[in-house]
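Encoded as structure tokens, the structure appears first; notes follow it.
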Amino acid sequence: MIRVRGHVKVQVRSLASHFVPGLCALLLVLLSSASAPAQQADVVLAVGTITTNNYPGQESAGNGLGEVILHHVVTMLGDGEDFAWCAGKVVEWRRIDEVNKEQKFQQSEYADPATAIKKLGTMAPDFLIGGSISFGAGKADWTMEIRTNPGGELVDRFTGFADDDAVVDEAARIAERVLDRLCPGPWTVTGGGARIKVSGTVVKLNEAFKTVGTFPGGTANFVYSPTSRSGGTVKYVLAGGGFSGAGSGTYTIGPSGDGSTLTIKQTTTGCINRVPGSCKTNSEALTLTPVSR
């Protein structure tokens, strides 16, 4: 079990390396997840069934892909990773029948009262990831779906393909698509620097966005061009009090440390037009706060 700034996440490793050790560990994870206080923007997700067309030698490919998808989702939600800001929880759902059986056993006359778990809790996912893989002629065509749980309403469906011996390599792309869909933002922007207050809205971290800064006597309009979710370049124009100017620089985005907000740190150099010696380097820190669902 990994606790990341208040969020309990199941550590699931690749099928090719290690499984979560034992049903007892699974029960403890589910129990811990159920007792963890949920935040308003929490997203609970799990991998369901990924079927195959029973191609010889690939009968277990669906389970293998599911394990690796879980591994990548947990990794991407971890400290310092691309989606660390997402208030996400991952639960192991495909083994829920085993959990139910164990619950009955723990509460039966056959369990030692001194060591039996008195109460087991499970957290049902808000979203289930499932799909299918079709093998043939050395290729693997896959279709993935995200559905609500319970109810099964379709949230997203997407497809892809790979060599038949490399379908597990698609797991990272699938995990990224899932988290992009379930944790897309938007965020409100607040903060600033010396004598400037900045505000705005960010819809997606990998798309251009704008903010507006106000300072005594003028405004600065910032335009951000991401090269990745974690940062990029920024330009601005400023005006007010009969003067104008422009500047540019870089910015980075990372977790702020409280488990839900992000921090933009930007450094720019700008000049006031036609004013010699006016060029100056500035640094600002901005906070991205998720808009409540």
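Listed here are the residues, each with its yes/no results for (1) of a type in the set (A, V, I, L, M); (2) touching a helix residue (DSSP H, G or I) at 6+ places or on another chain (Cβ under 8 Å); (3) farther than 20 Å from THR75 by Cβ.
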residue	(1), (2), (3)
GLU176	no, yes, no
CYS183	no, no, no
THR188	no, no, yes
GLY191	no, no, yes
ALA194	yes, no, yes
SER199	no, no, yes
VAL237	yes, no, yes
GLY241	no, no, yes
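Check off (1) loosely packed, with under 15 Cβ neighbours inside 10 Å; (2) at pLDDT 95 or above; (3) closer than 28 Å to LEU182 by Cβ for VAL234 and give me the number that stays unchecked.
(1)
Test each condition in (1) modelled with pLDDT of 90 or more; (2) in a loop (DSSP other than H, G, I, E, B) for SER134 and report the one that comes out false.
The single condition SER134 does not satisfy is (2).
Identify, please: which residue in the range 265-280 is at pLDDT below 95 and of a type in the set (Val, Ile, Thr) and is, among those, surrounded by the fewest Cβ atoms within 10 Å (Cβ to Cβ)?
VAL275
Would you check which residues across the range 175-193 are modelled with pLDDT under 85 and of a type in the set (A, V, I, L, M) and list them?
LEU182, the sole residue that qualifies.
Could we say that LYS210 is touching a helix residue (DSSP H, G or I) at 6+ places or on another chain (Cβ under 9 Å) and outside the structural domain of ALA137 (by TED's automatic domain parsing) here?
no
Please go through the range 156-199 and give me each residue that is of a type in the set (Val, Ile, Thr) and in contact (Cβ under 8 Å) with a residue 40 or more places away in the chain, ordered by number.
Correct list: VAL167, VAL168, ILE174, VAL178, THR188, VAL189, THR190, ILE196, VAL198.
Restricting attention to the range 147-154, does a residue exist that is in contact with a strand residue (DSSP E or B) (Cβ under 7 Å, 6 or more places away or on another chain), modelled with pLDDT under 95, surrounded by 12 or more Cβ atoms within 10 Å (Cβ to Cβ) and not in a strand (DSSP E or B)?
For the range 147-154, residues in contact with a strand residue (DSSP E or B) (Cβ under 7 Å, 6 or more places away or on another chain), modelled with pLDDT under 95, surrounded by 12 or more Cβ atoms within 10 Å (Cβ to Cβ) and not in a strand (DSSP E or B): present.
Within the set of pairs 6+ apart or on separate chains, which have a first residue in the range 78-92 that is assigned to a loop (DSSP other than H, G, I, E, B), a second that is acidic (Asp, Glu) and modelled with pLDDT of 75 or more, and C-beta atoms under 8 Å apart?
Note: pairs meeting the criteria are ASP82/GLU176.
Which residues, counting only those in the range 202-224, are exposed (fewer than 15 other Cβ atoms within 10 Å of the Cβ) and closer than 18 Å to PRO186 by Cβ?
Within the range 202-224, VAL203, LYS204, ASN206, GLU207, ALA208, LYS210, VAL212, VAL223 meet the criteria.
Can you name every one of the strands (runs of 3 or more DSSP E) wholly within the range 175-293 that holds 1 or more residues which are aliphatic (A, V, I, L, M) and touching an Asp or Glu at 6+ places or on another chain (Cβ under 9 Å)?
Output list reads 196-202, 262-272.
Could you please find all residues in the range 155-166 being modelled with pLDDT under 95 and touching a Phe, Trp or Tyr at 6+ places or on another chain (Cβ under 7 Å)?
Of everything in the range 155-166, those that are modelled with pLDDT under 95 and touching a Phe, Trp or Tyr at 6+ places or on another chain (Cβ under 7 Å) turn out to be VAL155, ASP164.
The values are calculated or read from the model by the stated rules, or taken from the named source; none is laboratory data. This one's a predicted model, so the numbers in the text were calculated from it and none came from an experiment. All Cβ positions, even for glycine, are placed from backbone atoms using ideal geometry, and neighbour counts span all protein chains on display.
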